[in-house]
Structures are given as C-alpha cells and as structure tokens.
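The values are calculated or read from the model by the stated rules, or taken from the named source; none is laboratory data. Values in this document were obtained by computation on a predicted structure and should not be read as measured data. When we count neighbours, we look across all protein chains shown, and the Cβ atoms used for this are built from the backbone with ideal geometry, even at glycine. Only protein heavy atoms, including side chains, enter the accessible area calculation; ligands, DNA and RNA are left aside. Shrake-Rupley method; radii C 1.70, N 1.55, O 1.52, S 1.80 Å.
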Amino acid sequence: MDNKKYVYLFSEGNATMKNLLGGKGANLAEMSILGIPVPQGFIVTTEVCNKYYEDGKVIAEKIIKEIHENIAKLEKITGKEFGSTTNPLLVSVRSGARVSMPGMMDTVLNLGLNDEAVEAMSKLTNNPRFAYDSYRRFIQMFSDVVMGIEKRLFENIIDELKEEKGVKVDTDLTGEDLKELVKRFKALYKKEKGEEFLADPKQQLIESITAVFRSWDNPRAIVYRRLNDIPGEWGTAVSVQEMVFGNKGETSGTGVVFSRDPSTGENVVYGEYLMNAQGEDVVAGIRTPLPISKLEEQNPVIYKEFTDIIDTLEKHYKDMQDMEMTIEEGKLYFLQTRNGKRTAQAALKIAVDLVEDGTLTKEEAILKVEPRQLDSLLHPAFDVEDLKNSKVIGKGLPASPGAACGTIAFTAEEAKERAEKGENVVLVRLETSPEDIEGMIAAKGILTVRGGMTSHAAVVARGMGTCCVAGCGELKVSEVNRTLEVDGKVYTADDFISIDGSTGNIYGVAVKTVTPEISGHFAKFMGWADEIRKLKVRTNADTPKDTKQAVEFGAEGIGLCRTEHMFFAEDRIKAVREMIVAKNVEERRRALDKILPMQKEDFIGIYEALEGMPATIRFLDPPLHEFLPHSDEDIASLAKDMGIGFEELKATVESLHEFNPMMGHRGCRLAVSYPEIAEMQTRAVIEAAIAVKENKGYDIIPEIMIPLVGDVKELKYVKDIVVRTAEAVMKEKGVKLEYKVGTMIEIPRACIIADEIAKEAEFFSFGTNDLTQMAFGFSRDDAAKFLVDYYENKIYEQDPFAKLDQKGVGELIKLAVQKGREGRPNIKLGICGEHGGDPSSVEFCHNIGLDYVSCSPFRVPLARLAAAQAQVKNRR
Ligand code: PEP
Ligand code: MG
C-alpha cells in the first residue's frame, strides 16, 4: 500500500523542499514561515506529475481524494467554501518546477466560480463588475488552458461587445456588460465542447491540475528544458492558492517587482504595478503599468511595508528576488518569490555586489551566474525592441551563439567577395565544408540546412565566435537559382535575413544588432572563478588569431589544434592536391616539402600567441578526398593548373571516393599509409618550437597528438615515425627539446584497451565528437535530422553531441581514465570534443578527475566558470 504523502499545505513545507514542492511551492511555504502575508493553499507534489505520466496520464483516485481533503483544510483555514452561495473560496492553480520555467507551463486563476458563486461574490463585495470580470476571466482561461478552446475566439467576442457598447478599453465595460460577456463566453464554450460549462469547483480543480501536468510536456516546455538542461523526470508541482484580488476597485492592485534592476543589476527596487487589475493585465500589456516608484506617492504606508518585505526576502534568500504582489482593498499580499532572472551584466554586478557587502562568499557568488549567460557578453545580440516586431520564419539548432543580420550569400566565394565590398552577409548553405572557410570568416553569420552540433559549420563557427544556426531542415536552398525558400516565401541574394545562434531562430527581415559591453565586474568575477577551480581550461584553436583571442579569454594553452584547417588555406591547397595525386613517395615528398615551411610558420604564430603555454597539435585527420574538387568543371580547372590530364585527375578523385568517409581513410590511418605526412608535420612542429625558443625565449613543450587510434600497434607505428623524425630534427639543429606524444581517445575500442594504449601515450585527449558518434552509431552530420523525433517521443531529451551522454559515453570515458592510469599512473588527461565547452559536461570532467577541458575560444570563459562551479558543488 502506497502511504506516500502527495499533497502538502503551505504550513507543512519549507524552502529546502524544492525537489518535491517545486520552487514556487517551497518558497510560498517558506514565506509563510517568515511571517510574510501569503494567501494560504496547498501543493500537489512533483511526484504526482511523474505518477500522472507513469499511470497513463491520469491522476490516481487516491491522490484525488488527498486533494479533496486538502480543499477541506483550506476551507477551514480561510473560512470560505468551494462553490458556496454566501462566501465562496476561489483559488489559483499554478505550475512550479524545481527551477522556474517562466511562461512555459499553464496557470488557471479565479477557479471556483460558477453561476451561483459569482452572484455570492457580487453581493459580498457589493461589486458586480468585479465579480463578473473575475468570472469571465476564469471561463476564458479555463477554456483555453484546460479545454483547448482558442483564446482568440474569446478575444473576438470581447472586441465585438466593446464595439457594440462603443467603448475602447476593457475597464470601460460595466458590470452588466460583463454579465452579458459571460453569457456569450458560455455559449461559445457549449458550441465548442457540446456541453455546459463545468460548474463543479472540485471538478474544475482536478481538471486544471491535470492541465498543468499536461503542460509539463508541451512543445515549448520540452524545448526550454533542453536549452536549460532540465531533466524531464523532475516534473512540475502544482500550487493551489486562495485568490486575492487586485481587481476589486481603486484600492486594489497587482504588481511584479524585482529587488534589484534585472537589466543592470543596480541595487534599486524595480518593477511595475497596476491598480484595479489582475496579474495577467500587467503581463498582457493591455494597459500600461506604472513604475513601482509611483506607489510610494500613491500609498506610502503600503510602499513601506512592501519594501521592508522585499528587504527581508532578499536577505533571507541571499539573492535578487522576483516577486508577485497583490493589494486587496488596501491589504498587501505576496503571491510568489523566486531568484530573479537577469541579464548577464546584471548577474555579474549582483554577484560582485553581494560579495562586497558581505552577503555571499566568493564560492556562493560563483553559483549565481549561469555559465551559458556569459555567451551574451561576448557576442552581438539583437536589439530587444526591434526583435519584438520581427517574425520567426524558421528554426534550426543554436550552433554558435550571437546574432547576425545581412543579405544572403549562397556560396563561400560570394560571401567573401561581397563582404570585401563592405556588405554584411549571412552565408546560407546546404552544409559547409572545409573549402568554405574563407566565406565563413567573411560572413556575419552562417545558416545551414543540414548538420548537427558537431558538424563542420558548427565547430568552425564556434571556433571563430561567429553566429551559426545549423540543421534547419525546413529551408529549401537552391544554389543554382540562388534562392532560399522558407515559411512560404522566396528570398534572394538582395533580401535580408537575421539569425540568432543562441536560440536557433531565423527572421526574414533585418533586425538591428547591438554589441555588448564588458564591465569591470566580469574580470573580477572571473578572477574568483580562477582562484576556485581545479580543472584547467585550454582552447581548440588553429590560427594565431583564434589563439590570441582565446588567451585573452583566459585559455591556459591549446588542447586541440586541428592541422587540417591549415591545409585548406587558399595559398597552399595546390600543394596539398599535388601531394594527394602524387604517384609515388618521391612525388609526395616534393609536394610536402612545399607545405612544410607554411605549416612551420603557422606553428610559430600559434606558439608565439601562447607565450610559452602548452600546445597540443593534432596530426592530419580528414580523409584526403575532402581536399579535392568534385565537379567536372573544378576538376578540369585543377588539372590544368597542375599540368595533368582531366581523366587522370578524375580517376584519382573517384578512386578516393569513400562510402562512409567518417569511418574511412582518415586519422592515424593516413599516416599508416603515408608516413611522409607525419614526418613533415613532426618536422614543422619541432622546427617551429626550436625557432620560437631561440627567437622569443619561450620554452614550448609541443604535444603531438595522433587521432583516431583504435589499437596500440597503430599508435606505436605512427609514434615511431614521430620520434624518429623529431630526434633527427633536433640532431640537425643541435637543440634538445622536450616534447610529448599522445593520442586522442575517440573510438570505443580505444577506451576498452586504454591500459595498453597508455603504455605508448603520454597523454589522452577525449575526442567526444567521434566517441559519441561511434558509441551511438549516429552520424554527427546527419543526426540532427532525426533527433527531433527522439525528443518528441521522449527517447532522448538532449542532443548527445552538445551535452555529454554520461550514462553511455561517460562510462566509456571513465573506463579509459581508470585503465589509462593503470597503464601510466601520471598520464595527462583532457577532453577536446565540443563537450569541453558545455557546462554539465565540464562538471562531469571535473568529477572524474580530468586535468583540463579544451573548447573553442569564445567558450573559454564559460568553461572557466563551469569548472569553478563544479569545484564548489563537488569538491574533488
Ligand atoms: C572529436 O572527435 O571529438 C574531435 C575533437 O575531433 P574532430 O571534431 O576534429 O573529429
Ligand atoms: Mg575526432
């Protein structure tokens, strides 16, 4: 027999019970303890929500009984009665998960009204207008939220009535008018549902609670949870609270208030209120609310009581509070308090201020800023006002944060050309490939039809800090016609679009962007994060420019330099192609000799930017065919440049074709087939380090990283080439230099035999992009297409390419860590997949004892903060 308690009166809870009562419920209970005037009520727990889904979307009879018992208790506390014809109890029914999800779930107000109760209310308050206004609001909300009748249909009826009565605003409708409105609303309800409006308050309540649980799984809540790392299994609680009324006349009112300014963080009470109104009027923007400072003039006594409570709450919760209050006929009530949402600037200022006034320790303050919020400090954002008038025409994956606006470029060349003439362009492609790099650099933003969070476009854009929306399947892009079709409209190269890389939203118009300012609070706060964290933060960077940027953001070295990006540069692609089509070793060496000085120059630039910090250089990874042209036209042009026949080059391109390039001739397999490539790269790495040591005095310890290793013999084979070459170079130069050879762990087999691999590897860096791809068997470039169906069907809640799958991939990593240490106790361990810049994945890396995470330059501050938070939350 299940003896669990599923419903709690406010007096039975407190703030520590958030998991069970939800944030809102727990805070209501806590406010009651603090003696703050709170209308009383009860909370149906998050466990009921989970049980509702387990039981096939029904609330168990036993729980319904418990709810009824609590209604009886509430009736006793309030002295009112559900459905009473003399003193009816009315309640609000609100959602409340462990963390607040503003606006994502449903709410019903004024519940308990029916034809009799409304008359009682009318008599009791001597205010028929108020009573019928409440009733019409309830019918409207209940019909929309619980019964799924479109809100618009009710709005139409209000508009019709206002026109008939010749009035402009809702408040000009009289009590009689509202009575008429109720009649029409009920008729609409009957027409839509084929039955009378539900009159029994108890049934109204159970139906409304059910609707709130249902709303836990509405599409916007699911998307919000995915964006904010909220697990579906948390569920929502429902709070049922006695209504107090802000719409009882001119001595009543309602307001939403923050204890500090949520945009700037300034320590002033900030908010708005409206007299003679209910909360939804403030939110809906039907009437213009007044700034809270006006209340001081209007009612100094209430204002004083109100600011005293705000002070108490802020001190109690040690954080900026976001509160809802209602004044009912001159009496003040608090309906809700929670830690307020705030901009990144405000979050930093508030955290720093609370430490400086002694409220918080640095450790506590570190937890007050969302790591992901830092993104908005480092990238342009859309102008809020401008955005309000801009329609979303499509949505893709939020692949790289920031906001971009420009005319459309359909090829990389076009993007480059037009950007050089001063035009702002957004590069729109089916997908990007390495040869698009220059167009990607030139564009303000990148939008792709295909590809996931670790696709080429996403990875490269994040690296550059360029805004990117990827994998937007609803776009139809024709490169031939140079058109983009979406949402029933065709856009050409002259049209503006705007994309938001933080939400994935696409707008079919120009939206103004604004560049954020970084305040002094940022440096101070990040300094505290650095004092606290144990995990080092490196960066994934392939150019001196990106490296410098990352160092400015606090990177402590490079964790991944993808050398293939250097092969794609326009001035060297010819030599690379010569290398690929070479018929024998001599020809290949000749081509490689041309690439060597260029690659060496790159490394010198990168080492100099690092000023002596460590650099992990990964050897060539992608399959060779990626470097060759594919259309006949491009092949002919290259053949001409290279002085070889068209057929010969075409045959080479065809011979390099692979059915599954991700699992093809790439990574260390290239060096196994063509050791000369590894020789050249080793020489470039070592010669550059010697040059920087001699010219700048930096003692660089290069870390040469062999990708895609699945067996120790494979690693040993390539490592021998590296060691042989490095020793030869040092001998030639007469310089001794320390260097390390290690490997990426990105194939599941490598995790399983990590002890053997560690015997040959001085370090491991987890390539979680490929490891995720191969552990799930999901193509990292194609999975975005079908993962949406997985989210919809609750098979997976998160994109495993963005947030590390700790259950599966994480276990493989843990195994490799344990075995790696068995093979080499002092082995250095890091991660360089995209997960190195994801907060919850960083926490995982801290917890399993990695030495560092490595992420793209613009995510370095986020990773520093996430690492500090991990240290505070789970001291190692
Ligand atoms: C990885 O696979 O996680 C990785 C970092 O390498 P790449 O993304 O270049 O395959
Ligand atoms: Mg990889």
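Full extension of the segment from T288 to T85, taken as 0.36 nm per residue of separation minus the current Cα-Cα distance, would add 69.6 nm. Given R0 = 30 Å, the distance between the Cβ atoms of E385 and K421 translates into a calculated FRET efficiency of 0.50. As a rough guide to protection, the peptides 64-73, 445-454 ranked by mean Cβ packing within 10 Å, highest first, stand as 445-454, 64-73. Applied to segment 649-654, the Karplus parametrisation 6.51 cos²θ - 1.76 cosθ + 1.60 on θ = phi - 60° returns per-residue 3J(HN,Hα) values of 5, 4, 5, 5, 4, 5 Hz, with x for Gly and Pro. What separates the Cα centres of segment 15-30 and segment 88-105 is a distance of 12 Å. For the pair K489 and V301, the difference between a 0.36 nm per residue extended length and the Cα-Cα distance amounts to 62.0 nm.
Solvent-accessible area assigned to carbon and sulfur over the chain amounts to 50 percent, based on a 1.4 Å probe.
Taking each of K713/K819; K248/K315; K57/K151; K179/K248 in turn, the alpha-carbon distance tops 27 angstrom for K248/K315. Restricting the calculation to Cα atoms, every distinct pair contributes to the Kirkwood radius of segment 32-114, found to be 14.7 Å. Basic side chains Lys and Arg get +1 at the Cβ, acidic Asp and Glu get -1 at the Cβ, and with that the dipole of the chain about its Cα centre reaches some 1720 debye.
Considered as an equivalent ellipsoid built on the Cα gyration tensor, segment 346-468 has semi-axes of 35, 16, 13 Å, the largest given first. For L20, neighbours were defined as the other residues whose beta-carbon sits under 10 Å from its Cβ, and their charges (Lys and Arg +1, Asp and Glu -1) total +2.
If the chain linking K740 and K191 were pulled fully straight, counting 0.36 nm for each residue of separation and taking away their Cα-Cα distance, it would gain 190.0 nm. Across every direction, the projection of the convex hull enclosing the Cα atoms of the chain has a mean area of 40.7 nm².
Ordered by packing density, taken as the mean number of other Cβ atoms within 10 Å over each peptide's residues, highest first, how do 571-580, 132-141 rank? Numbers along the way, then the final one.
Values: 571-580: 17.8, 132-141: 25.0.
Ranked from most to least packed, the peptides come out as 132-141, 571-580.
Annotation: amide H-H contacts under 5 Å for C468 (H modelled 1.01 Å from N, sequence separation of 5 or more, or interchain): A399, S400, I446, G501.
Derived scalar couplings between HN and Hα for segment 548-563 equal 4, 4, 5, 5, 4, 7, x, 5, 10, x, 9, x, 7, 10, 7, 5 Hz in order, rounded to whole Hz, by the Karplus curve 6.51 cos²θ - 1.76 cosθ + 1.60 (θ = phi - 60°), x for Gly and Pro. Over all pairs of different C-alpha atoms, segment 597-732 has a mean inverse distance whose reciprocal, the Kirkwood radius, equals 16.8 Å.
All C-alpha to C-alpha distances of segment 119-183, sorted into 10 Å bins beginning at zero, yield P(r) values of 22, 50, 27, 1 percent in whole numbers. Calculated [222 nm] ellipticity per residue, helices only, for the chain: -14500 deg cm²/dmol; basis is -39500 (n - 2.57) per DSSP H run with n ≥ 4, divided by all residues, nearest 500.
Counted over segment 691-746 with a bin width of 10 Å, the fraction of Cα pairs per bin, in whole percents, is 21, 46, 25, 8. Per residue, the solvent-accessible area of segment 368-514 (1.4 Å probe, heavy atoms of protein chains only, all protein chains present) comes to 39 Å².
Within the chain, antiparallel bridges make up roughly 60 percent of the DSSP beta bridges whose residues both belong there.
Averaging 1/r over each pair of different alpha-carbon atoms in segment 670-803 and inverting the result gives 16.9 Å, the Kirkwood hydrodynamic radius. Sorting 191-197, 305-311 by average packing, meaning the other beta carbons within 10 Å per residue, from highest down gives 305-311, 191-197.
Using C-alpha pairs below 8 Å separated by at least 6 residues, the relative contact order for the chain is 9 percent.
With θ taken as phi - 60° and the Karplus curve 6.51 cos²θ - 1.76 cosθ + 1.60 applied, the whole-hertz 3J(HN,Hα) list for segment 706-718 is 9, x, 6, 7, x, 8, 5, 5, 4, 5, 4, 4, 6 Hz, x standing for glycine and proline. For I701, enumerate residues with amide H under 5 Å from its amide H, sequence gap 5+ or separate chain, H modeled in the peptide plane. HN-HN under 5 Å from I701: A615. Less than 5 angstrom separates the built amide H of V509 from those of S498, all sequence-distant by 5 or more or on a different chain.
Once Rh is set to the Kirkwood radius over Cα pairs, what Stokes-Einstein translational diffusion coefficient, in µm²/s, holds for segment 491-579 at a temperature of 10 °C and a viscosity of 1.306 mPa s? Stokes-Einstein gives a translational diffusion coefficient of 91 µm²/s. Per residue, the convex hull spanned by the Cα atoms of segment 341-414 amounts to 141 cubic angstrom. Each residue, S840 and H665, gets one label point 7 Å from its Cα in the Cβ direction; the gap between the two is 4.1 nm.
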